[in-house]
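Below is one structure, written out as structure tokens; comments come after it.
The values are calculated or read from the model by the stated rules, or taken from the named source; none is laboratory data. Just so it is clear, the model here is predicted, and its values are computed rather than measured. Neighbour counts run over all protein chains shown; Cβ positions are idealised from the backbone, glycine included. Only protein heavy atoms, including side chains, enter the accessible area calculation; ligands, DNA and RNA are left aside. Shrake-Rupley method; radii C 1.70, N 1.55, O 1.52, S 1.80 Å.
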Amino acid sequence: MSITLSVIKADVGGYVGHSESHPDVIAKGEECLAKAKKEGLLVDYHVTKCGDDLQLIMTHQRGEEDEKIHKLAWDTFVAGTEVAKALKLHGAGQDLLADAFSGNIKGMGPGVAEMEIEERPAETIIIFMADKTSAGAWNMPLYKMFADPFNTIGLVIADNMHTGFAFEVHDVKEAKKITFNAPNEIYDMLVFIGAPSRYMVKAVYHRETKEIAAVSSTQKLSLIAGRYVGKDDPVCIVRSQGQFPAVGEVLEPFTFPLLVEGWMRGSHHGPLMPVAIADSTPTRFDGPPRVVSVGFQLSGGKLVGPRDMFADKSFDPAREQANEMADIMRHHGPFEPHRLPLEEMEYTTMPQVMKKLEGRFINL
Ligand code: F6R
Ligand code: MG
Ligand code: MG
């Protein structure tokens, strides 16, 4: 059976500050999607949160980029914004960059990851969601899952994975895409995806069966708005087991808290801490950045789950290490590489300070 998974997210208001989502906003999301399921638009849904982001996980049979599904998500975010406004939550509606819905939610602020699949006899799905970081944060984890034999032993010893995977990489500045085959082309690919603020892994495909293995949201809020308006807080869907990496191979990259951009004022590098949903409450220096993951088995499009995958004790050392790395980075204060390079900062006073000091710069 053909089924589409759509994960669409937006920050429609934070509680308290940008640290968490209010239960009433999540309840509104539930209400909207329950109605859509009853009306037959959705096969199933799960509403959750990562930090201050409202996450709509939906299954349906309308394919990717469907206007009705995108409008449902947009209307749900608008309804959530109303709740946020009534409670005077912080930054109510901050990710809704357009005044009204116009056909496709992409490019309007919310993050979108969608895949249409033929549901396998057992379809294992892992959905990753991050807060206080940017699209591009998935580059290293996806590389490790689908191209690194030190992470995924299946690439070496499972004959249904041994041919490798193809990576669709987007250049978000030039709006171009290219596909690299792993393992043959990994050196070429790493030149690009090692620079995740510009080159992002959009999707991964099985090279033999051509089936989609993973898809991520690559919406960059700053490029949409033409100015810095907040970090993108991206999402990613990964298929697991069988011809795809096992659950443990999909989760393994997050045992290392990679340094990502985001954190305080979207202007710092910090460690990506894997946490349970309940612990996606970035408070220290508005962080450190968080990643959560929920797992499902699909049954005729029904989302059997969720399992809170990072609630597992085996991720405790990664969390401790992330806290240690956070200390080390924080000691740099306003200096790079903790603070982002000038062109990547969400907040900057550079133009004003430059203007004030204009006459005081003397040629060397
Ligand atoms: C980072 C983030 C927060 C805010 C900070 C200031 O993505 O959301 O660190 O940038 O709390 O927020 P405002 O400007 O809304 O007061
Ligand atoms: Mg926020
Ligand atoms: Mg957020």
task = Would you please name the residue that is farthest from the chain's Cα centre (by Cα), looking only at residues in region 1-26 that are away from ligand 2 (no atom under 12 Å from the Cβ) and without any contact (Cβ under 8 Å) to a residue 40 or more places away in the chain?
result = Pro23
task = Could you pull out the residue among Gly266, Gly287, Gly270 that is within 30 Å of Thr349 (Cβ to Cβ), modelled with pLDDT under 95 and within 16 Å of ligand 3 (Cβ to nearest atom)?
result = Gly266
query = Considering only region 22-67, how many residues are more than 17 Å from Thr81 (Cβ to Cβ) and either open to solvent by 20 Å² or more (accessible area, probe 1.4 Å) or assigned by TED's automatic domain parsing to the domain that holds Ile277 (or both)?
reply = 16
query = Out of (1) within 16 Å of ligand 1 (Cβ to nearest atom); (2) without any contact (Cβ under 8 Å) to a residue 12 or more places away in the chain, the odd one out for Ala34 is which?
reply = (1)
ask   = Quick one: is Glu82 in contact with a Lys or Arg (Cβ under 9 Å, 6 or more places away or on another chain), open to solvent by 70 Å² or more (accessible area, probe 1.4 Å), assigned by TED's automatic domain parsing to the domain that holds Lys37 and part of a helix (DSSP H, G or I)?
value = yes
